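Just so it is clear, none of the values below were taken in a lab; they were calculated from the coordinates. From a predicted model like this one, the values you see are computed outputs, not experimental measurements. Cβ atoms come from the backbone with ideal geometry, glycine included; neighbour counts cover every protein chain shown.
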Amino acid sequence: MTQEPGRLARYYRQAAAETVRLIPTGARRVLDLGCADGSFGVAVKVRTGAELWGIVSDEQTTRQASAVIDRVLTGDLERQIAELPDGYFDAVICVDVLERLVEPGPALRKLRIKLKPDGVVVAAVPNFRFLPALGQVLFRKDFPQEDFGTFDRTYIRFFTRRSIVRMFKKAGLRIQRIEGINAWPGPLGVAIAVASLGFFADGRYLHYVCVGSPAAPRPRLLSAFKAGARQPS
């Protein structure tokens, strides 16, 4: 991460700020998936005062994060999720992390089990339909590898608004809220969205932030399950 450190800092700061405001203030136990050095955890602590857990991939970062985070698990993120207590967290935070996982959908399903029934997953996910990124692919015929942003070389999955919603739904999480953030500055993005009759409206946003909660069983299915449970074996 050596290029344009000021722009890089703004990139992550904006995504983090927009995510923090969606964390319930009453959350008492919070997990920060991919907590890095714990700097985001400081903002979570200020907002909620919660008991804060984190998962990070390397020992060096663990030492930094432990200064802020109450309990840090170290190792492969997807494997460490299994070590977490079930039904424990009021909120799980995923800021610029789902796109770095080999299997983000199954990871979300595992995280759902770690939530309380009224808990939430709060995520910030890069938007591949961001118009400057599409311009690179469509007009420059390129797919660059960059230090940060849409073409971050550490991303192994790519998402649009629709695919984010689908992934959460398949993981058993109902989207309560989803909105674009880090809009393309200036009037050009708005003009393109209007001229395309809304087709590129989502292209103005570098990220989407969303809140998902465990999807309750449909009443008819739940009734059928209860009826089946009463039947003698």
Vicinal HN-Hα couplings computed from phi for segment 158-165 (Karplus, 6.51 cos²θ - 1.76 cosθ + 1.60; Hz; Gly/Pro x) = 10, 9, 10, 4, 5, 6, 5, 4
Nitroxide proxy distance, nm - points 7 Å out along Cα→Cβ at residue 102 and residue 86 = 2.5 nm
inquiry  = Report, in listed order, any pair from 141/170; 141/169; 116/170 with a Cα-Cα distance greater than 30 Å.
reply    = 141/170; 141/169
task = Enumerate the aspartates and glutamates that residue 114 could reach by cross-link, defined here as Cα to Cα under 19 Å, with residues fewer than 8 away along the same chain left out.
result = 32, 51, 70, 76, 78, 83, 86, 90, 103
remark   = Computed ³J(HN,Hα) along segment 71-85: with the Karplus parameters 6.51/-1.76/1.60, θ = phi - 60°, integer Hz and x for glycine or proline, the list is 9, 10, 9, 10, x, 4, 4, 5, 6, 5, 4, 5, 7, 7, x
ask   = So for segment 82-186, what percent of the C-alpha to C-alpha distances run longer than 16 Å?
value = 61 percent
inquiry  = Taking amide H atoms as placed 1.01 Å from N in the peptide plane, list the residues 5 or more away in sequence, or in a different chain, whose amide H sits under 5 Å from that of residue 88.
reply    = 115, 116
key: Using a Förster distance of 35 Å, the FRET efficiency for residue 158-residue 113 (Cβ separation, nearest 0.05)   = 0.85
key: Extension gain (nm, one decimal) between residue 79 and residue 47, 0.36 nm per residue minus Cα-Cα   = 8.7 nm
Theoretical gain in end-to-end length, residue 136 to residue 63 [0.36 nm per residue, Cα-Cα removed] = 22.4 nm
remark   = Given backbone amide H placed at 1.01 Å from N, residues whose amide H is under 5 Å from that of residue 173, ignoring those fewer than 5 places away on the same chain, are 215
request  = For segment 30-35, take each phi angle, set θ = phi - 60°, evaluate the Karplus expression 6.51 cos²θ - 1.76 cosθ + 1.60, and give the result in whole Hz per residue in order, putting x for glycine and proline.
outcome  = 10, 10, 9, 7, x, 6
